[in-house]
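Notes to accompany the following structure.
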Amino acid sequence: MNKNGFLILAAALLALLSRAPNAHGQESGSRPDPPAPSTSSAAPSTASAGVPVPDAPSAALRDLLAAACAHDESSFEKFLTSRNAEAYSRLAPTARTELMKRFVLLDGAGKPTLSVNPSGRPGIRCTTPDGAADIQLGGTEVRENIALLPLDIRDASELGAGSPHHILMGMVRENSSWKVLSLGMLFLDLPSLEVEWDQAASGNNERVALADLKTIATAVETYRKTYSRLPESLSKLGHASKPSPDAAGLLEADLISGRSDGYVFRMVIVGANDVGAPAQYELSATPATYGRTGKLSFFRDAKGKFHAADHQGAVGHSLDPIVE
């Protein structure tokens with residue numbers, strides 16, 4: 001989604017909040033949020049007896065941030081709208097982790113510590129091996145099925161705790177539960193973002209796929225020199241306590257399985273004979289999901305040349321352009 005699209009959605013949300021006929025908003029000042037049972041499924045707050053319980057949107061956002069801190073994908077997904085959750089499930093693991101990092105502004109997986117201030121507003125400290133962040137939620141403003149929650153994120157590892165980042169979060173009620181709608185005033189729209197992320201990751205996947213194909217070819221040639229024949233399949237190149245023709249110890253597990261970094265690898269022996277130096281073989285690498293994990297199909301011909309072309313996800317061939 002481009003910048004204009006985000007601004008249009010932001011304007012639409014503000015218009016909805018301003019004209020809601022039966023709205024009962026809570027100011028984000030010093031008044032406590034009205035107590036309400038949490039609809040979230042994460043760990044309860046550490047509030048002591050007599051301290052107000054966070055309202056439902058605050059509790060949901062608190063638990064989402066705790067899941068983001070811990071890089072807990074399954075818990076994090078519970079607080080996404082159904083549309084975003086579907087797209088989230090299709091993202092590569094690295095992309096899911098990158099998304100969670102954006103919510104707490106920390107790189108490594110951390111340990112969340114929950115708290116509630118005397119006004120009943122949740123706070124979280126996310127502690128990682130490389131640093132820590134303190135997150136304090138402000139008062140909730142609820143209009144119909146939309147809630148806005150200000151929060152401050154402060155780098156707790158800095159001397160004097162550092163200056164906070166002020167962010168306004170949007171939540172929406174979906175199926176009686178509160179889900180995250182926006183990060184700041186940029187609306188969370190994973191179906192649109194996943195296309196952009198896939199395109200960004202596709203080029204790197206293609207480079208890695210070609211390098212992996214060359215690694216497989218080197219392992220096959222080493223196997224041929226060692227055992228005077230070609231391996232019947234990539235599984236023969238796997239690791240074992242003692243190298244043998246059935247487990248030569250020449251490839252890592254992901255390449256032995258035939259799937260790595262969004263690509264599928266195959267080996268075909270050319271002709272019926274796999275014995276001796278004259279035996280020939282071909283290798284291929286094709287995108288596991290065309291257009292998402294890559295577009296180029298790579299091919300190693302029987303003469304040892306490597307080729308690449310866009311075959312819409314199909315296997316390449318020796319007529320494709322040669323690549324180094």
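If you filter segment 102-114 down to residues that are touching a Gly at 6+ places or on another chain (Cβ under 9 Å) and buried (at least 16 other Cβ atoms within 10 Å of the Cβ), you find that the one that is nearest to R62 (Cα to Cα) is L114. Taken together, R300, R259 contain a single residue that is buried (at least 18 other Cβ atoms within 10 Å of the Cβ), at pLDDT 90 or above and out of contact with any Gly (no Cβ under 7 Å at 6 or more places or on another chain), which is R300. Being of a type in the set (A, V, I, L, M, F, W, C) and surrounded by fewer than 18 Cβ atoms within 10 Å (Cβ to Cβ): is that true of L61 here? Taking the combined requirement at face value, the residue does not satisfy it.
Please determine whether any residue of segment 267-277 is surrounded by fewer than 20 Cβ atoms within 10 Å (Cβ to Cβ), under 32 Å from the mean Cα position of the chain (by Cα) and either over 30 Å from Y88 (Cβ atoms) or among the aliphatic types (A, V, I, L, M) (or both). Checked segment 267-277: no residue is surrounded by fewer than 20 Cβ atoms within 10 Å (Cβ to Cβ), under 32 Å from the mean Cα position of the chain (by Cα) and either over 30 Å from Y88 (Cβ atoms) or among the aliphatic types (A, V, I, L, M) (or both). Under the condition of being touching a helix residue (DSSP H, G or I) at 6+ places or on another chain (Cβ under 6 Å) and touching a residue at least 60 places away in the same chain (Cβ under 8 Å), the residues counted in segment 217-241 number 0.
Apart from one condition, L255 fits all of (1) within 22 Å of V208 (Cβ to Cβ); (2) more than 23 Å from the chain's Cα centre (by Cα); the exception is (2).
The values are calculated or read from the model by the stated rules, or taken from the named source; none is laboratory data. If you're wondering where the values come from, they're calculated on a predicted model, not measured in any experiment. All Cβ positions, glycine included, derive from the backbone under ideal geometry; neighbour counts span all protein chains shown.
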